[in-house]
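Okay, so here's the structure we're looking at.
Throughout, read-outs are computed from the coordinates displayed, never taken from laboratory work. Just so it is clear, the model here is predicted, and its values are computed rather than measured. Note: ideal-geometry Cβ built from the backbone for every residue, glycine included; neighbour counts use all protein chains shown.
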């Protein structure tokens with residue numbers, strides 16, 4: 001499968017990524033150069049990626065408009081698959097989430113800001129909380145338009161990866 005991916009918005013860099021299944025591993029080619037890579041989905045939309053011998057945890061968040069937000073421990077990127085049929089064919093939809101959504105901490109850290117309260121109406125992509133992890137601040141966003149049903153975190157609270165922070169219905 002060959003994908004054209006634009007990083008960093010309209011004026012960003014375009015990369016060609018080719019994925020080929022080889023037994024139980026993926027072969028990855030980036031702009032024609034082979035890369036030693038392996039990826040495993042460890043939680044919904046959270047991937048453990050081994051890239052040239054280095055381990056990375058990447059969180060993928062589909063955004064309204066078809067873009068993706070990719071978060072690592074130290075960086076946040078936006079990306080868009082140029083051929084939208086390629087991403088829609090995957091089980092990760094670029095559209096809004098549906099139904100009751102539990103918003104979880106992507107990694108261990110500390111809640112440093114709560115941006116909403118229970119009962120607040122929110123839009124897809126709107127910031128809900130800010131979690132600080134490894135001296136980086138990560139804004140946790142709503143996956144859908146809806147209402148904050150419950151807020152389970154408060155400012156200053158330490159949180160573990162996967163811990164439910166709030167619920168949006």
| task | Choose one answer from 68, 151, 51: the residue with the largest mean-square fluctuation in a GNM of the chain with alpha-carbon springs under 10 Å. | result | 51
| request: Please label the shape of the chain as rounded, prolate or oblate, based on the square roots a ≥ b ≥ c of the eigenvalues of the alpha-carbon gyration tensor (a/c under 1.5 means rounded; beyond that, a/b larger than b/c means prolate, else oblate). | output: prolate
| Calculated diffusion of the range 96-169, Stokes-Einstein form, Kirkwood radius summed over Cα pairs, 25 °C and 0.890 mPa s, µm²/s | 206 µm²/s
| field | Theoretical gain in end-to-end length, residue 164 to residue 36 [0.36 nm per residue, Cα-Cα removed] | value | 42.6 nm
| note | Length gained, residue 51-residue 133, 0.36 nm per residue minus C-alpha separation, equals 27.3 nm
| Based solely on its DSSP helices, what 222 nm [θ] is calculated for the chain when runs of n ≥ 4 H residues each add -39,500 (n - 2.57) and the sum is averaged over all residues, nearest 500 deg cm²/dmol? | -500 deg cm²/dmol
| Inter-label distance for residue 1 and residue 17, nm, one decimal - labels placed 7 Å from Cα along Cα-to-Cβ | 1.0 nm
| message | Between residue 82 and residue 118, what's the calculated FRET efficiency when r is the beta-carbon distance and R0 is 35 Å? Round to 0.05. | response | 0.30
